[in-house]
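A.B. asks: Please find one structure pasted underneath; my questions will follow.
The values are calculated or read from the model by the stated rules, or taken from the named source; none is laboratory data. These numbers were taken from a predicted model, which means no experiment stands behind them. Note: ideal-geometry Cβ built from the backbone for every residue, glycine included; neighbour counts use all protein chains shown. Please note that ligands, DNA and RNA were not included when accessible areas were found on the heavy atoms of the full protein model with its side chains. Shrake-Rupley method; radii C 1.70, N 1.55, O 1.52, S 1.80 Å.
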2 protein chains.
Amino acid sequence: MKQLWLFNQINSDLQRVEKELHRFVETDFPVLEESAVHLLDAGGKRLRPAFALLAGKFYGYPLEKLLPVAMSLELIHMATLVHDDVVDDSKTRRGRPTVKAKWGNVVSVATGDYLLARSLDLIAKINHPKVSLILAEVSVEMSRGEIQQIKASFDVKQNLKQYYYRIKRKTALLIEASCKLGAIVSDAPRRQVWALGGYGHAIGMAFQIVDDVLDVTAEASQLGKPVGGDLSQGIMTMPMIIALQRSSQKERLSYLLGKEDKTELEVREAIQLIKDSGAIDESMRCVDLYIRKAKSYLQELPNVPTRKALADLAQFIRDRKF
Amino acid sequence: MKQLWLFNQINSDLQRVEKELHRFVETDFPVLEESAVHLLDAGGKRLRPAFALLAGKFYGYPLEKLLPVAMSLELIHMATLVHDDVVDDSKTRRGRPTVKAKWGNVVSVATGDYLLARSLDLIAKINHPKVSLILAEVSVEMSRGEIQQIKASFDVKQNLKQYYYRIKRKTALLIEASCKLGAIVSDAPRRQVWALGGYGHAIGMAFQIVDDVLDVTAEASQLGKPVGGDLSQGIMTMPMIIALQRSSQKERLSYLLGKEDKTELEVREAIQLIKDSGAIDESMRCVDLYIRKAKSYLQELPNVPTRKALADLAQFIRDRKF
C-alpha cells in the first residue's frame with residue numbers, strides 16, 4: 001500500500017484496515033483468495049477508508065464503528081474494480097496484471113461477487129439503517145454508471161454532461177459516501193454530514209478528472225498502467241471531449257477516437273492532438289474549480305487539525321502525478 | 001410467467017410481484033432495460049417470491065411487508081442467473097438465448113450488478129436487521145458456491161459431499177431464506193421460522209437434484225435449454241457422480257465427463273452411460289428423502305390450507321418434468 005504522508009493522523013488505523021481486509025478475504029478457495037489478495041496487494045491509496053476515518057476524526061473518532069464502514073467501502077470499491085476490468089477489458093492496473101488478465105472473465109465475475117457479498121455482510125452487521133441505505137443507493141448509481149460507460153464507449157458525439165454523469169457514478173458518489181458515513185456513524189451534526197458529503201463529492205469529481213488527464217499526460221512507469229488506456233478502451237474522457245471541440249484537426253481526432261482497434265502509433269497521435277488542443281489545461285481548470293468547491297465546504301467544519309489535513313488532501317489530489 | 005396451479009392462493013399477488021418487477025427494472029438505459037426485461041420475460045416459476053408469500057399466509061399475510069421481500073428475492077436470483085451464465089458460458093435458458101449469448105459478458109456483468117444493487121436498495125428500505133443479515137449471508141455463500149463451481153468443473157474425482165456443498169449454495173439457501181423471511185416479516189414464532197427454513201432448505205436441495213436429473217433425462221423442448229447442458233459445461237451433478245461409481249464402463253464415462261470439448265455424439269453417449277448405470281433412480285431416491293424431510297418440517301406449522309399447498313408443492317417439485 002502506498003502510504004500517503006497526508007494520512008499521518010490515521011496511519012496506524014489504516015494499517016489495521018489493511019490487515020483486517022487481508023484477514024477478511026481469506027477463504028478456503030485458493031483461486032478466489034489468490035485473486036482477492038492479488039487485488040489487495042496491488043494496493044491503491046485506500047482513499048475511501050481514509051476519508052471515512054478522517055471524517056470520524058472531527059467527532060470523537062469511534063474507531064470500532066468506523067472500521068467496518070471503512071472496510072465495507074474498500075470492499076465495494078474493489079468489487080467494482082474487478083467487474084470494471086471485465087467491462088473495460090483492462091490488462092493492467094497499478095502496475096500489475098488485472099484479475100481479468102490473469103484469471104479471465106469467469107474468476108473476475110466471481111471475485112467481484114464475493115467481495116461485494118462480503119461487504120454486504122459487514123454492512124448488515126453494522127446494523128445502521130442509514131449506512132445500508134446510502135451504500136445501496138450508491139451501488140445502484142455505480143452500476144448505472146457502469147452501463148453508461150458501455151453504452152458511450154467509442155462514441156465521439158458525447159458531451160461533457162454525459163461525462164459528468166459517468167464520473168459522478170464511477171468515483172464521486174462513493175467518496176462522498178465515505179466522508180458522509182464516517183461522519184454519520186460518529187454522530188456528526190446534520191449540517192456537517194452534508195458539508196463532508198459535499199467535500200467528498202467535489203474531491204471525487206476532481207480525482208477522476210485528474211485520473212483521466214494523467215491517462216493522457218503521464219508516463220506508464222508512474223501510472224502503473226499503460227498510458228492512453230482510456231483511448232484504447234474507447235472511454236471518452238474530459239480531455240478527449242474538449243479536444244474534439246477545440247482541436248485544429250477535429251476530423252482526424254474524431255476518426256482516431258472512434259476507431260475500435262487503434263495501433264500504438266494511432267494512440268500516440270491522438271495523445272499528441274489532445275495535448276496540442278489545450279484540452280489538458282482546460283481540464284485542469286475544471287479540477288481547480290472542484291478543489292475550490294471542496295475547500296469551501298470545509299469552512300462548515302470545526303477548525304481542528306483534520307480540517308487542514310482534508311484541505312491538504314484536496315491539494316494533493318490536484319497535484320498528484322500518479 | 002408459467003403459472004403453477006399450486007399458487008392459486010397467492011396468484012393475484014404473484015402477478016403484482018411480476019408487475020412491480022417489470023416497473024422496477026425500467027431504466028433510461030435501453031440496453032440494460034432490454035436485457036433485464038428479456039430476463040424477466042423468460043419467466044421462470046417465481047418460486048422464491050411464491051415461497052415468501054406462502055410462508056406469510058400462515059401469519060396474517062402482511063402483504064405490504066411481504067412484497068418487497070418477494071421482489072428482493074427474485075432480483076437476487078435473477079442477478080445470480082446472469083452472472084452464472086457468464087461463469088458457465090450458457091447459451092440458452094428457459095427456451096431463450098441467455099443475456100450472455102445475446103449481449104456478451106460485459107452487458108451480463110453490468111446487468112447482474114444492476115439487479116443486485118436494485119435489490120440491495122429494496123432490502124435497505126425494508127429496514128429490518130434480520131432481513132438484511134440473512135440475505136447478506138446467503139449472498140456470501142452463493143458466491144462461494146459460484147467459485148466452487150468454477151473450481152470443480154470437469155473434475156471427475158469429486159464426491160457427493162462437494163456436490164451437496166455446491167447445490168446448497170446455488171439453490172437451497174435462497175429458497176430457505178425465502179421461506180424464513182416470509183415468516184420473519186410476518187412475525188411468526190421462532191420455532192415456526194425454523195421449521196419453514198428447514199422445509200425451504202430441503203425443498204431447495206430436492207429442486208436442484210431434480211434439475212440435474214432433468215438435464216440428463218428430459219427432452220430439450222420441455223426443458224427450455226439443451227439437454228446435457230451440465231455435461232457440456234463440465235458441471236458435475238449427482239447423476240454423473242453416482243454413475244462414475246457404478247457404471248460398468250467407468251473409464252469411458254470418466255474420459256467423456258472430463259473432456260472439455262465434447263462432441264454432440266459424446267454428450268449423447270455419456271447420457272446413455274449415466275442412464276444405464278442406475279444413477280437416475282438413485283438420485284431420485286435421494287430426492288424422495290429430501291421431500292420426506294421437507295414434509296416432516298410442515299408438521300410444526302399450523303394446520304391451515306397453506307400447509308397442504310406447501311406439501312403439494314413439495315410433491316410437484318419431485319414429479320415435475322420441466
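A.B. asks: For A:A36, state whether it is within 11 Å of chain B (Cβ to nearest Cβ), under 30 Å from A:F154 (Cα atoms) and surrounded by 24 or more Cβ atoms within 10 Å (Cβ to Cβ).
C.D. replies: Values: within 11 Å of chain B (Cβ to nearest Cβ): yes; under 30 Å from A:F154 (Cα atoms): no; surrounded by 24 or more Cβ atoms within 10 Å (Cβ to Cβ): yes.
No; evaluated as a whole, the condition is false for this residue.
A.B. asks: Can A:D121 be described as facing another protein chain (nearest Cβ under 9 Å) and either assigned to a helix (DSSP H, G or I) or buried (at least 23 other Cβ atoms within 10 Å of the Cβ) (or both)?
C.D. replies: Working: facing another protein chain (nearest Cβ under 9 Å): yes; either assigned to a helix (DSSP H, G or I) or buried (at least 23 other Cβ atoms within 10 Å of the Cβ) (or both): yes.
Taking the combined requirement at face value, the residue satisfies it.
A.B. asks: Shifting gears a bit: Consider B:K45 against the criteria (1) under 18 Å from the mean Cα position of the chain (by Cα); (2) more than 14 Å from chain A (Cβ to nearest Cβ); (3) part of a helix (DSSP H, G or I): it satisfies all of them except one. Which criterion is unmet?
C.D. replies: Here B:K45 clears every test but (3).
A.B. asks: Is it true that some residue in the stretch A:131-154 is more than 12 Å from chain B (Cβ to nearest Cβ), open to solvent by 30 Å² or more (accessible area, probe 1.4 Å), under 30 Å from A:E260 (Cα atoms) and in contact (Cβ under 8 Å) with a residue 40 or more places away in the chain? Break it down into steps so the answer makes sense when it comes.
C.D. replies: Here is the first cut: in the stretch A:131-154, the ones more than 12 Å from chain B (Cβ to nearest Cβ) are A:154.
Filter once more, so that each one left must be open to solvent by 30 Å² or more (accessible area, probe 1.4 Å): A:154.
Filter once more, so that each one left must be under 30 Å from A:E260 (Cα atoms): A:154.
If we keep only those that are in contact (Cβ under 8 Å) with a residue 40 or more places away in the chain too, we end up with A:154.
Within the stretch A:131-154, one or more residues are more than 12 Å from chain B (Cβ to nearest Cβ), open to solvent by 30 Å² or more (accessible area, probe 1.4 Å), under 30 Å from A:E260 (Cα atoms) and in contact (Cβ under 8 Å) with a residue 40 or more places away in the chain.
A.B. asks: With the structure loaded, tell me whether A:Q148 is within 30 Å of A:V193 (Cα to Cα), at pLDDT below 90 and not hydrophobic (A, V, I, L, M, F, W, C) or whether it fails that test. Quick ask: steps written out before the conclusion?
C.D. replies: Numbers: within 30 Å of A:V193 (Cα to Cα): yes; at pLDDT below 90: yes; not hydrophobic (A, V, I, L, M, F, W, C): yes.
Yes; evaluated as a whole, the condition is true for this residue.
A.B. asks: Given the criterion open to solvent by 70 Å² or more (accessible area, probe 1.4 Å) and part of a helix (DSSP H, G or I), identify the matching residue among B:K321, B:K275.
C.D. replies: Working: B:K321 fails: part of a helix (DSSP H, G or I).
On inspection, the qualifying residue turns out to be B:K275.
A.B. asks: If you don't mind, there's one more thing I want to ask. Out of everything in the stretch A:255-271 that is open to solvent by 100 Å² or more (accessible area, probe 1.4 Å) and under 26 Å from the mean Cα position of the chain (by Cα), what residue ends up being nearest to A:S232 (Cα to Cα)?
C.D. replies: Top of the filtered list is A:E260.
A.B. asks: Within the stretch A:48-79, track down each residue that is closer than 20 Å to A:A136 by Cβ and either among the small types (G, A, S) or in a loop (DSSP other than H, G, I, E, B) (or both). Give the steps one after another, and end with the answer.
C.D. replies: So the first thing to find is which residues in the stretch A:48-79 are closer than 20 Å to A:A136 by Cβ, and the list is A:48-49, A:51-52, A:55, A:65-66, A:68-79.
The answer is A:A52, A:A55, A:A70, A:S72, A:A79.
A.B. asks: Open to solvent by 30 Å² or more (accessible area, probe 1.4 Å), farther than 17 Å from A:I235 by Cβ and at pLDDT below 95, is that true of A:P62?
C.D. replies: no
A.B. asks: Please go through the stretch B:257-277 and give me each residue that is farther than 17 Å from B:N159 by Cα and either among the polar types (S, T, N, Q) or touching a helix residue (DSSP H, G or I) at 6+ places or on another chain (Cβ under 8 Å) (or both), ordered by number.
C.D. replies: First, pick out the residues of the stretch B:257-277 that are farther than 17 Å from B:N159 by Cα: B:259-273, B:275-276.
B:K259, B:K262, B:T263, B:E266, B:V267, B:E269, B:A270, B:I271, B:Q272, B:L273, B:K275 - these are the residues of the stretch B:257-277 that are farther than 17 Å from B:N159 by Cα and either among the polar types (S, T, N, Q) or touching a helix residue (DSSP H, G or I) at 6+ places or on another chain (Cβ under 8 Å) (or both).
A.B. asks: Kindly indicate the residue of the stretch B:12-26 that is crowded, with 16+ Cβ neighbours inside 10 Å and under 21 Å from A:E146 (Cα atoms) and also modelled with the highest pLDDT among those meeting that condition.
C.D. replies: Going through the qualifying residues, I end up with B:F24.
A.B. asks: Conditions first: (1) within 14 Å of chain A (Cβ to nearest Cβ); (2) over 19 Å from B:A70 (Cα atoms); (3) open to solvent by less than 40 Å² (accessible area, probe 1.4 Å). B:Q158 passes all but one, so which condition is the exception?
C.D. replies: Looking at each condition in turn, B:Q158 falls short on (1).
A.B. asks: Return only the number of the condition from (1) touching a residue at least 40 places away in the same chain (Cβ under 8 Å); (2) open to solvent by 10 Å² or more (accessible area, probe 1.4 Å) that B:I175 does not satisfy.
C.D. replies: Tallying (1) touching a residue at least 40 places away in the same chain (Cβ under 8 Å); (2) open to solvent by 10 Å² or more (accessible area, probe 1.4 Å), B:I175 fails exactly one: (2).
A.B. asks: Now for a different question. Condition first: open to solvent by less than 20 Å² (accessible area, probe 1.4 Å), at the interface with another protein chain (Cβ under 9 Å from one of its Cβ atoms) and within 18 Å of the chain's Cα centre (by Cα). Now tell me which residues in the stretch B:88-112 satisfy that.
C.D. replies: B:G112
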